[in-house]
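Down below is the structure, laid out as structure tokens.
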Amino acid sequence: MQKIDLHSHTLVSDGSLSPMQLVARAKEHGVEILSITDHDSVGAYEQLNCLDDGLTIIPGIEFSTQWRGVGVHIVGLNLDLSSEAIKQGVAEQEQSRRDRSVLIGQRLIKAGLPVDMARVSEIANHSNIGRPHFAQHLVELGLVKNVATAFKKYLGSGKVGDVKQCWAELPQIVSWIVDAGGVAVLAHPLKYKMTRTKLAALLDDFILVGGRAMEVVSGQQCKTEVESLVRLCQQKDLLGSCGSDFHQSSPWSEIGAMTAFPDNCLPVWENW
Ligand code: AMP
Ligand code: MN
Ligand code: MN
Ligand code: MN
């Protein structure tokens, strides 16, 4: 069975490896088809060179949006990176990310936390700032014991540092992907903790504006979770995708490591 990983991150967003390190690690772990899907950026692809043997790379991105007040992620796969659509989309989302990072900083400071924005930017390698970079800063300041606690107390959904409604809306996000010749994929559907009815409504809206696939496998999932997502995929006539959502190596997370792709689901990578 082919090893396929269509969702991963590098230092260009909130991952821990450079694009070339990620590619090398993917090869070591036997990945045959890889997509680097950094948050709201395709900068990783400018840093790739000497790509020869064994590994097919599918140009991708993970866009942030919101739907009915919930932060939702849409992966775009098989993109034409030279298209005006993707350039426009990235430019707008990167601006939103900059504006958002200022707001997050202001909110945390107002809440009494001594946040240093220059330091947060440094942690983000002067690239796009995300909440994980704020989280790391709060850890180094000794305000929380780890990143998970930083999210739980300050940055997670509904907390002071969670700035909502700052991204382009779902129809715009899907249009950028489709206009760039790509396929729009709903990322990690179970992470939103929606009821099945609400998730089905999200998928209906997503499909209406051109969405064609969803991740039926995101990292390690149990059998019943995969089965339930496959049923939803079949009901909605969607293609299935899979990815590790790799950010950094740990005993629980590795590039290419995820639950097996089900055999009763149409793979997006065979149906671009
Ligand atoms: P942002 O792109 O700024 O909205 O940050 C979202 C990212 O934060 C996700 O892609 C994850 O990498 C990370 N993240 C979200 N929730 C948590 C959490 N509870 N603990 C650790 N990291 C998280
Ligand atoms: Mn992330
Ligand atoms: Mn995501
Ligand atoms: Mn991701």
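The values are calculated or read from the model by the stated rules, or taken from the named source; none is laboratory data. No experiment lies behind these values; they were computed from the predicted model shown. Here the Cβ is made from the backbone with ideal geometry for all residues, glycine too, and neighbour counts use every protein chain on show. With ligands, DNA and RNA removed, areas are computed over all heavy atoms of the protein, side chains included. Shrake-Rupley method; radii C 1.70, N 1.55, O 1.52, S 1.80 Å.
Which ones in the range 1-24 are over 19 Å from TRP269 (Cα atoms) and either surrounded by fewer than 18 Cβ atoms within 10 Å (Cβ to Cβ) or among the β-branched types (Val, Ile, Thr) (or both)? Within the range 1-24, THR10, VAL12, SER16, SER18, MET20, GLN21, ALA24 qualify. Taking the range 224-253 as the range and being buried (at least 18 other Cβ atoms within 10 Å of the Cβ), within 16 Å of ligand 1 (Cβ to nearest atom) and in a loop (DSSP other than H, G, I, E, B) as the test, the residues that pass are SER244, ASP245.
Here VAL147 meets each of (1) within 30 Å of LYS87 (Cβ to Cβ); (2) within 16 Å of ligand 4 (Cβ to nearest atom); (3) buried (at least 16 other Cβ atoms within 10 Å of the Cβ) with one exception, condition (1). Within the range 182-195, residues that are within 15 Å of GLN66 (Cβ to Cβ) reach partners that are away from ligand 4 (no atom under 13 Å from the Cβ) with beta carbons closer than 6 Å, at six or more positions or on different chains, in the pairs LEU186/PHE206; LEU186/MET214; TYR192/VAL70. Can you confirm whether LYS159 is within 13 Å of ligand 1 (Cβ to nearest atom), within 17 Å of PRO132 (Cβ to Cβ) and open to solvent by 50 Å² or more (accessible area, probe 1.4 Å)? Yes: the conditions hold for LYS159. Checking every residue in the range 181-189 against the condition of being hydrophobic (A, V, I, L, M, F, W, C) and open to solvent by 10 Å² or more (accessible area, probe 1.4 Å) gives zero matches.
Screening LYS164, LYS159 for residues that are under 19 Å from GLU94 (Cβ atoms) and either without any contact (Cβ under 8 Å) to a residue 60 or more places away in the chain or under 20 Å from the mean Cα position of the chain (by Cα) (or both) leaves exactly one candidate, LYS164.
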